[in-house]
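Engineer: So that we are looking at the same thing, I have put the structure below in structure tokens.
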Amino acid sequence: MSKKLIKSTLDIVGWFCNKALTDKQTLSSQQLQNLLFLAQMHHISKEGQVLIPSMFVCYQDGFYEPTVEAVLLQKLPLLKLPELEQRVSLLLESVWQKYAHLSEKELLNFVTSLSCWKETYTAKEDVIINPLDIAPSFSLSISKDKNFSPSKIRLSQNGPVQVSPWRPRKLNNSAQS
């Protein structure tokens with residue numbers, strides 16, 4: 001069994017729910033499931049190990065984690081969140097910055113456009129997958145995506161910030177004289 005960084009999938013669900021509340025955003029169950037899947041896959045692609053102990057189910061609307069689905073259907077309250085390591089918080093912040101602004105339909109279209117979904121999905125059938133098995137296909141999809149621009153999230157004194165590459169401004173001819 002591969003090493004995991006977080007003990008419970010619900011810790012990550014809680015982080016996304018709290019982030020949505022902080023940003024005054026609403027998350028549907030489907031959006032939350034897709035964000036959870038993307039966080040797991042980005043972590044595997046970057047670190048080569050799973051972020052959370054989970055198996056996902058590939059279905060017509062992307063991927064879902066069955067335990068989280070059961071919790072969301074029962075509308076059970078989330079427990080107090082444990083402190084997450086800084087690198088986990090930075091990863092989640094990065095996933096949030098890249099995907100949370102997408103509507104439910106846009107996020108669904110993005111996830112179902114990934115080759116890892118296309119290769120796994122079978123019509124009218126839920127397919128249980130191990131995230132490690134589809135990680136290479138996910139990484140390849142992300143590297144080919146023209147709209148995906150990797151950004152770095154760093155922790156400042158005021159919290160996480162997105163860092164972009166430095167681009168020197170162009171000077172006009174009169175300023176160079």
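Engineer: Along the Cα-to-Cβ line of residue 143, 7 Å from the Cα, sits a label point; which residues in the range 48-65 have backbone N less than 20 Å from it?
Structural biologist: Correct set: 48-50.
Engineer: If I take R0 = 30 Å and measure r between the Cβ atoms of residue 113 and residue 28 in this structure, what FRET efficiency does the formula 1/(1 + (r/R0)^6) give, to the nearest 0.05?
Structural biologist: Rounded to the nearest 0.05, the efficiency is 0.95.
Engineer: Work out from phi, with θ = phi - 60° and the Karplus expression 6.51 cos²θ - 1.76 cosθ + 1.60, the ³J(HN,Hα) of each residue of the range 65-73, listed in order in whole Hz, and give x for Gly and Pro.
Structural biologist: Each residue's phi maps through the Karplus curve to give 9, x, 5, 5, 4, 5, 5, 5, 5 Hz.
Engineer: Right, another one. Would you mind ranking 120, 67 so that the residue whose beta carbon has the fewest other beta carbons within 10 Å leads the list?
Structural biologist: Numbers: 120 19, 67 15.
Listed from fewest to most nearby Cβ atoms, that is 67, 120.
Engineer: State whether the range 1-129 is rounded, prolate or oblate according to the following rule on the C-alpha gyration tensor (a ≥ b ≥ c being the square roots of its eigenvalues): a/c under 1.5 gives rounded; otherwise a/b larger than b/c gives prolate, and the remaining case gives oblate.
Structural biologist: Details: a/c = 1.38, a/b = 1.21, b/c = 1.14.
Here the range 1-129 falls in the rounded category.
Engineer: With θ set to phi - 60° and the Karplus curve 6.51 cos²θ - 1.76 cosθ + 1.60, what are the ³J(HN,Hα) couplings of the range 129-138 in order, to the nearest whole Hz, using x for Gly and Pro?
Structural biologist: My calculation for the range 129-138 gives 10, 9, x, 5, 6, 9, 4, x, 5, 4 Hz in order.
Engineer: Karplus couplings for the range 41-51 from phi (6.51 cos²θ - 1.76 cosθ + 1.60, θ = phi - 60°), rounded to Hz, Gly and Pro as x?
Structural biologist: With coefficients 6.51, -1.76 and 1.60, one gets 5, 5, 5, 4, 4, 7, 9, x, 9, 6, 7 Hz.
Engineer: Going by amide H atoms built from the backbone, whose H comes under 5 Å of the H on residue 56, apart from near neighbours?
Structural biologist: Placed amide hydrogens put 129 under 5 Å from residue 56.
Engineer: Using 0.36 nm per residue of separation minus the Cα-Cα distance, give me the extension gain between residue 70 and residue 90 in nm, one decimal. Please report the intermediate quantities before stating the final value.
Structural biologist: Working: separation 20, 0.36 × 20 = 7.20 nm, distance 2.73 nm.
Between residue 70 and residue 90, full extension yields an extra 4.5 nm.
Throughout, read-outs are computed from the coordinates displayed, never taken from laboratory work. A quick note: this is a predicted structure, and the numbers were derived from the prediction, not measured. All Cβ positions, glycine included, derive from the backbone under ideal geometry; neighbour counts span all protein chains shown.
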